[in-house]
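The values are calculated or read from the model by the stated rules, or taken from the named source; none is laboratory data. No experiment lies behind these values; they were computed from the predicted model shown. Please note: Cβ atoms are built from the backbone with ideal geometry, for glycine as well, and neighbour counts cover all protein chains shown. Each accessible area value is taken on the protein alone, full model and side chains, heavy atoms only, with ligands, DNA and RNA left out. Shrake-Rupley method; radii C 1.70, N 1.55, O 1.52, S 1.80 Å.
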Amino acid sequence: MKCTKSIIILGIESSCDDTAVSIMINQEVISNIIIHQTIHKQYGGIVPELAAREHDKYLFSTVNKAINIANIHRSQIHAVSVTIGPGLIGSLLVGYSFAKSFSMGLNIPIIGVNHIHAHILSHFINNANLNNSFPKFPFLCLMISGAHTQIIQVNDFFDMNILGTTLDDSIGESLDKIARLLGFSYPGAMWLDKNSKLGNNKKFHFSKPNVKGLNFSFSGLKTQIDRFIKNQLKINTNFIKNNLHNLCASIQKIISEILIEKIILAIQQTNIFRIVLAGGVSANSEITKQFLLLKKHNIEIFIPKKQYTTDNGAMIAIVGLFKLKKKLFNINQPFSKFTPWF
Ligand code: KG4
Ligand code: ZN
């Protein structure tokens, strides 16, 4: 490994439908490019085969662009950090194969990174959250994304355990499906959020799923909303059009209430009063608002800045940096032999 004071990491994320690349010097992001694949819109969800092909199409040029923006030469990069899961296998293999060739060409380490681990540690990128500070350990991470809904107790960079998880659908997947029902194109949760701002969140009432402990369930709520809307449409074909804002606001209210209730239970069970949000759904305005209100009760809240909520290469690079420092990598390790977390 080259020895200089600053450590430069190339981070590559390709686990789903974003081709994301970042150059990071120590904990500072120098470039961060995200190419959102739009090809899936016409299918109403991600088509894995197409996602892999799109990554293949854009990865090389995106890496070059990230290096150019960072104004460095590729020979200055100390390690390549790449997502090895969880995610779509074809998409992961495109990213991994590219990273492997790149690292071999430069004779530098390749570091495999767990996607969830990266969302959590994104808070250790300089100025990555609204507080512009790193959360102290221990903290509780509410990981809410398109694929995951978990409460994770984080004791240290490499010491964390899952306290609760969804028993069925993830929160992001559920919001995207409900948004589709309301007529928004995939991924529609963001549009549902935007439209909620003009609505009355007390207009429609949905009931919370009855799940004990720290686990979640969203499939019942999704069906409840689906049935309600379809029944109303039988009475009035303009029901969605006439009530769009109120529907969006009421849906966001119930979703936020579920999350707040679970996190309060997690605080009571662990006595940890520091909450860190992570994942694409933490961009949601109502969830953010409700969590920030918890500050009144002496609970510390860390919310990522928008560019670090959804998938990005910087979060992969930051885990790479910590793993490199701890020598937690093996250059000869084949893809299939990476351990799920560390
Ligand atoms: O973390 P992420 O980019 O990918 C996964 O790891 O799954 O999260 C993507 C999810 C999608 O479901 C997307 O619709 C959702 O984050 N999302 C939002 C918002 N912006 C993105 N959900 C709610 N409100 C938003 N403003
Ligand atoms: Zn993600």
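Miscellaneous remarks
- Yes/no for ILE111 being among the β-branched types (Val, Ile, Thr), in contact with a Lys or Arg (Cβ under 8 Å, 6 or more places away or on another chain) and farther than 27 Å from GLU173 by Cβ: yes
- For the stretch 76-179, the strands (runs of 3 or more DSSP E) that sit wholly inside it and include 2 or more residues that are more than 16 Å from ligand 2 (Cβ to nearest atom) and more than 20 Å from the chain's Cα centre (by Cα) are 79-85.
- Only a single item in (1) farther than 18 Å from VAL21 by Cβ; (2) in contact (Cβ under 8 Å) with a residue 40 or more places away in the chain; (3) more than 14 Å from ligand 1 (Cβ to nearest atom) is not met by MET143, and it is number (3).
- Any hit, the stretch 204-224, residues being within 16 Å of ligand 1 (Cβ to nearest atom), open to solvent by 50 Å² or more (accessible area, probe 1.4 Å) and in a helix (DSSP H, G or I): no
- Among all residues of the stretch 185-195, there is at least one that is acidic (Asp, Glu), touching a helix residue (DSSP H, G or I) at 6+ places or on another chain (Cβ under 7 Å) and either modelled with pLDDT of 95 or more or in the same structural domain as ARG227 (by TED's automatic domain parsing) (or both).
- Whichever residue in the stretch 62-87 is open to solvent by 60 Å² or more (accessible area, probe 1.4 Å) and of a type outside the set (D, E, K, R) and, among such residues, is farthest from ligand 1 (Cβ to nearest atom): HIS73
- Residue within the stretch 300-311 that is under 19 Å from the mean Cα position of the chain (by Cα) and of a type in the set (Asp, Glu) present: yes
- Only one of the numbered conditions (1) within 16 Å of ligand 2 (Cβ to nearest atom); (2) touching a Leu at 6+ places or on another chain (Cβ under 6 Å) is not met by ALA283, and that is (2).
- Filtered residue count, the stretch 88-136, keeping only those that are in contact with a helix residue (DSSP H, G or I) (Cβ under 6 Å, 6 or more places away or on another chain), open to solvent by 40 Å² or more (accessible area, probe 1.4 Å) and within 22 Å of VAL63 (Cα to Cα): 2
- Verdict on GLN27 being open to solvent by 10 Å² or more (accessible area, probe 1.4 Å) and touching a helix residue (DSSP H, G or I) at 6+ places or on another chain (Cβ under 8 Å): yes
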